[in-house]
Amino acid sequence: MHLADDVLIQESVREPEQFAPLFDRHAVAIHRYLARRIGAPADDLLAETFLIAFRRRAAYQPLGLEVRPWLFGIATNVLHRHVRQEERHYRALARAAREQPAPHDDERADERVDAAALRADLAAALARLKPGDRDALLLLAYAQLSYAEIATTLGIPLGTVRSRINRARKVTRAVLAVAMPSEGEK
Amino acid sequence: MNDLELLDRYGPDAADVSDAALASARARLLAGMDPAAVPGRRSFPARRLAIAGLALAGAVTVAVVVIPRPAARPDAAPTTTPPTTTTAPASPGTGTGTGTGSGTGTDAIRLVAATAPAFPYTISGLGDAVFTADPGGPVIAVYLAEDRSDVYLNSTTEDDGGALSGAGVIDVEIDGRPGRIVAFNGTADDGRPPLTLVWEHRDGVWLRLTGQGRYGTPGALIDLAGKVRDRPQRLHFEVTVGLVPDGWELAAFKDEAILMYRDPVHPETDFHVQWAPRSKPLFRAAEIDGLEKATKVTVQGRPADLFRARDFWMVQTRLADRSIVRVMTPRTFTTEQVLQLTASVRRSR
């Protein structure tokens, strides 16, 4: 029997074991989101995210937010305690991408060098963003949440989501405009 | 392609989560969502939130030094001048042993030979286990199966079995000893939902076995319980630690490459040993958080860095195979102790 996520959460309040299938459904996506933002510690933060979700399951409001964005919201809050680490992760990635040796004997070498440079610039740009702006941008770009879901997830007005994302996109667009003029300006 | 799609495509990427990491996280979740932990009946075991585990993981971030809540009171002004050469202690033993009497100037810390960490049980016929442990929690042996019929085994207490009560709990006997199986009524997307057995394995020794998939039936669990043998499995790590402060215990580990030892009397006080493969770079002084002083020293006859940071000591050195070992301790350790401890770290294979 395949029960909907929100039904599982409701039933897990009485029967905790009902929560386990939610892990099976969403763990890979949540881990990927965490790992792209913080790297190796994602392995531990994944468990923490689901344990917090489990602890808060009684407070989950099925009509307010789907389970998936709710979990992304918890993961984002978990990341808040590691903001400096996240920023260091981006800076380390930027350094690593810049120090990556240029490929040779490969007719697509130029493309790969460009991609590495772009990765470095984007990572550096993410490190410079304000944490709140970065949360909104990455919930949009990585988790594909809607503006309304981001607002609910972060507990901020919809207008604030728009302004945060606008601010963040200006930064990333500037990077893209330099690296890929024809794409970044779209 | 707009800028968001480009960010998604070219932004920081991540490797797919490993099966072991998923299984470990799932094991921790299942351990945390004790079936008896219905709100109002039993409190949620917050200690399983792996807070310190996060710090452990942070320590592996390439080129970033994140020290795990160094525990203890920084010493006001260490007076010991870092030595330029440190001799490795003579063959650190692996059993509980005699103290080496380090204790230079620090009453609370005396380095002694470390006990080889082991998990005391084996399940016959299930092959090799991998192990996971959160700070303060038990070591969990995880037997992974291709079809996700994973099995978890850990030590527990009689209270754990007693807490399993109410609907869906079956009282059983395992070789004449009491046990309880939590019969899950829940659903699962992929196969049978997990089932847990808590039973008295020997007098006063209680174990907890969780089976999934093929092992998620009372019969399969009871059968498995009968195959649990008092045969220790050596916990294998990339490195062994030969010296630890007297009385300190292995409290957590991760990926066979990060170990955390803790003072059980002051659980907030711990030290970490991290191993990294030879392909990884050494940390540069500029990357150390709160660095106060960087000194070149010698450990095991090889050059090493001693970093004194605001909140911790760190020594990093390359081993004979060029892989890297880092030891991070609270500032309550003397420099000599930090260096002796680092010198006692050996490659396991």
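The values are calculated or read from the model by the stated rules, or taken from the named source; none is laboratory data. What you see is a predicted model; the values in this text were computed from it and never measured. Cβ coordinates were reconstructed from backbone atoms using ideal geometry, including for glycine residues, and neighbour counts include every protein chain displayed. Remember, those area values only see protein heavy atoms, side chains included, never the ligands or the DNA or RNA. Shrake-Rupley method; radii C 1.70, N 1.55, O 1.52, S 1.80 Å.
Between A:H2, A:H31, A:H26, the distinction of being more than 13 Å from B:L29 (Cα to Cα) and not in a helix (DSSP H, G or I) belongs to A:H2 only. Evaluate region B:257-268: report whether one residue or more is outside any strand (DSSP E or B), in contact (Cβ under 8 Å) with a residue 24 or more places away in the chain and open to solvent by 20 Å² or more (accessible area, probe 1.4 Å). No, there is no match, as no residue in region B:257-268 is outside any strand (DSSP E or B), in contact (Cβ under 8 Å) with a residue 24 or more places away in the chain and open to solvent by 20 Å² or more (accessible area, probe 1.4 Å). With respect to the numbered conditions (1) basic (K, R); (2) in contact (Cβ under 8 Å) with a residue 40 or more places away in the chain; (3) open to solvent by 40 Å² or more (accessible area, probe 1.4 Å), which one is the sole condition not fulfilled by B:K254? Result: B:K254 fails condition (3) only.
Only a single item in (1) under 23 Å from the mean Cα position of the chain (by Cα); (2) open to solvent by 20 Å² or more (accessible area, probe 1.4 Å) is not met by B:D203, and it is number (1). Quick check: is even one residue across region B:237-246 in contact (Cβ under 8 Å) with a residue 60 or more places away in the chain and at positive phi? There is no residue in region B:237-246 that is in contact (Cβ under 8 Å) with a residue 60 or more places away in the chain and at positive phi. Among the residues of region A:49-80, the ones that are at the interface with chain B (Cβ under 8 Å from one of its Cβ atoms), of a type outside the set (A, V, I, L, M) and open to solvent by 10 Å² or more (accessible area, probe 1.4 Å) come to 1 in all. Residues in region B:240-254 include at least one that is among the charged types (D, E, K, R) and over 30 Å from A:Q18 (Cα atoms). Just to be sure before I move on: is A:D44 without any contact (Cβ under 8 Å) to a residue 12 or more places away in the chain, acidic (D, E) and closer than 15 Å to A:H82 by Cβ in the structure I sent? Yes, satisfied.
Residues that are in contact with an Asp or Glu (Cβ under 6 Å, 6 or more places away or on another chain) and not small (G, A, S) do occur in region B:312-326, at least one of them.
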